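Below you'll find the structure, written out as structure tokens, and then a few comments.
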Amino acid sequence: MTGPPGGADDAELRAARREVLLLEYEVLKAEQKARIVARDHLMYATLAGLVSVLAFVLATSAPPGAVLLLPPVCLVLGWTYLANDQKISAVGRYLRDELAPRLAELTGGRPGEVLGWERAHRAVPGQGVAKVLQLAVDLVMFVAPAVLAVVLHWTGEGAGPALFLASVAELVAIAVLAVRVVLAADFATEGRTP
């Protein structure tokens with residue numbers, strides 16, 4: 001049998017809900033942290049991959065078209081980086097827009113007061129410039145080397161129609177990645193609509 005609304009049973013139910021939401025917060029923050037670490041390591045992996053391919057390409061015995069190994073490295077690692085980055089952003093949006101208001105309701109606070117860091121770190125001065133610079137870094141890291149590799153292949157010694165078709169396919173795939181990276185760039189800060 002339950003008590004009247006607002007009684008001890010209601011308080012216990014609210015406390016249980018709050019505990020579940022706090023556990024959800026902890027799990028999501030742990031996932032977000034792990035994805036941030038993985039995403040950041042993908043930058044180092046990309047640099048290592050690019051250096052490895054360039055070392056192979058610059059070897060005197062490199063076969064024609066060896067430079068076309070760069071676009072797949074950029075594509076695979078860039079796509080993985082992007083997928084992780086999108087999940088990191090999705091967790092942040094969920095915490096700000098879904099979890100914080102529900103916790104605020106259960107604690108009697110305002111949504112801006114609950115999980116305040118999830119909003120506060122997005123409203124610092126210069127955040128918009130930092131996001132534009134991050135977009136530029138992402139494009140330079142994952143798109144520019146691949147495009148440069150295709151251009152170098154096209155301006156170098158011809159290696160036949162099969163490699164030309166492969167280079168065109170790589171360029172199309174990298175263009176798709178570039179568009180996805182630009183579309184995924186999150187320039188929203190608090191005070192502006194995301």
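Principal-axis analysis of the Cα atoms of the chain puts helix 144-155 at an angle of about 20° to the longest axis. For the chain, the Cβ-based charge dipole about the Cα centre amounts to some 260 debye (Lys, Arg positive; Asp, Glu negative; other atoms uncharged).
Considering only protein heavy atoms and a probe of 1.4 Å, how much of the accessible area of the stretch 101-183 is carbon and sulfur, as a whole percent?
74 percent
When the Cα positions of Gln32, Gly108, Asn84 are compared along the charge dipole of the stretch 1-118, Asn84 comes out farthest toward the positive end, with charges on each C-beta of Lys, Arg, Asp and Glu. Charge dipole (Cα centre; +1 on Lys/Arg Cβ, -1 on Asp/Glu Cβ; no other charges) of the stretch 54-163 amounts to roughly 260 debye. By how many degrees, between 0 and 90 and to the nearest 10, does the Cα long axis of helix 161-184 differ from the longest principal axis of the chain? Result, in degrees: 20.
Remark on Asp186: its backbone amide H falls under 5 Å from none of the residues 5 or more positions apart or on other chains, H modelled at 1.01 Å from N. A simple packing score, the average count of other Cβ atoms within 10 Å per residue, orders the peptides 173-181, 123-131 as 173-181, 123-131, with the highest score first. Across Glu113, Glu170, the residue with the most accessible area heads the list, and the full order at a 1.4 Å probe is Glu113, Glu170. Angle, helix 8-58 long axis vs. longest principal axis of the chain, Cα atoms, 0 to 90°, nearest 10? Once rounded, one gets 10 degrees. Pairwise Cα distances in the chain exceed 28 Å for 46 percent of all pairs.
The values are calculated or read from the model by the stated rules, or taken from the named source; none is laboratory data. Owing to the predicted nature of the structure, the values given are computational and were not obtained by experimental measurement. Here Cβ is always computed from backbone atoms with ideal geometry, including for glycine, and neighbour counts include all displayed protein chains. What goes into the accessible areas is simple: the full protein's heavy atoms, side chains included, and nothing from ligands, DNA or RNA. Shrake-Rupley method; radii C 1.70, N 1.55, O 1.52, S 1.80 Å.
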